[in-house]
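Have a look at the structure below before the remarks.
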Amino acid sequence: MTPEQIKESIRTAFASVEKPPYWRIADSNEGDEPERLRQEFAKVPAWDSLTPAFLDKTPGGYGSALSFFSDEAFRYYLPAYLIADLEKSLKCANPVFQLTHGLDDSSALKRVNPRRYGDRTFDDLARHRFSLFTLQQCAAIGTYLQYKAAKDTFSASPIQSALNNYWLGRASSHR
């Protein structure tokens, strides 16, 4: 698929996702970033109005929004990141990492924070987060990741690993 076709599949797959309310933009209340994230994204009318510059700096110039979103907000705003990445417009934000970390062979079995979360692994965390995605959304993400693996030799191995371990099977499952 071409980048334009992938972008269209992303737009179609995520068209009906509802914007999360203010209180569901971020999952955490620890530190300054979650509240900055809420404030900055609450002003956004829709995900398709976001500019790459906004995505790269929010919240508060850190460009770490993808790490602080609630699961619902991640699902809602992800298309903006994927499309901006396909347009090669992102400098800081890294949707590939967010979609592969925890699902690739090198990170899946690592424990998140044993003192706080016991034996929860990054695989557990990723599967929970991505369980909100529909089959069509998983297929669009899988196509995006396959395209990225073909273009980015540095990230190809973790991408292929995440595709094999989760995305391809999830996109074809009939739940």
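The values are calculated or read from the model by the stated rules, or taken from the named source; none is laboratory data. This one's a predicted model, so the numbers in the text were calculated from it and none came from an experiment. Every residue, glycine as well, gets a Cβ built from its backbone with ideal geometry; the counts of neighbours run over all protein chains shown. Heavy atoms of the whole protein, side chains included, go into the accessibility calculation; ligands, DNA and RNA do not. Shrake-Rupley method; radii C 1.70, N 1.55, O 1.52, S 1.80 Å.
A few notes on this one:
- Probing with 1.4 Å while keeping every protein chain in the model, the per residue accessible area of the chain equals 53 Å².
- Over 23 Å between alpha carbons, listed pairs K57/K151; K7/K151; K19/K91; K7/K91; K88/K151; K110/K151: K57/K151; K19/K91; K110/K151
- Charge tally for I159 (other residues, Cβ to Cβ under 14 Å; Lys, Arg +1; Asp, Glu -1): -2.
- Gain in span if fully extended, S173 to L132, counting 0.36 nm per residue against the direct Cα distance: 13.4 nm
- Alpha-carbon centroid distance for the pair segment 127-164 / segment 67-86, whole angstrom: 14
- Calculated FRET value between T2 and S89, using beta carbons and R₀ = 22 Å, to 0.05: 0.85
- Percent accessible area from carbon and sulfur atoms, the chain, protein chains only, probe 1.4 Å: 50
- For the chain, relative contact order (Cα pairs under 8 Å, six or more residues apart, normalised by length) works out to 21 percent.
- Cβ-defined net charge surrounding K148, 14 Å radius [Lys, Arg +1; Asp, Glu -1]: -1
- Residues W47, W167, W23, ordered by accessible area of protein heavy atoms at a 1.4 angstrom probe radius and largest first, appear as W23, W47, W167.
- Simple spin-label estimate for S16 and Q39 in nanometres, 7 Å along Cα-Cβ: 3.7
- Radius 14 Å from Cβ of V112, net charge of other residues (Lys, Arg +1; Asp, Glu -1): +3
- Max mean-square fluctuation residue, GNM over the chain, Cα-Cα springs under 10 Å, options R115, R129, R24: R115
- GluC sites (Glu not before Pro) restricted to segment 32-109 and DSSP loop, no more than 16 other C-beta within 10 Å: E87
- Taken one residue at a time, the phi angles of segment 65-70 give Karplus couplings (6.51, -1.76, 1.60, θ = phi - 60°) of 3, 4, 7, 10, 4, 5 Hz. Gly and Pro are set to x.
- Selected from D32, D85, D104 as most flexible by GNM, with the chain as the system and alpha-carbon contacts under 10 Å: D32
- For segment 43-85, the set of trypsin sites (Lys or Arg not before Pro) satisfying both a DSSP loop assignment and a count of at most 11 other C-beta atoms within 10 Å is given as K43.
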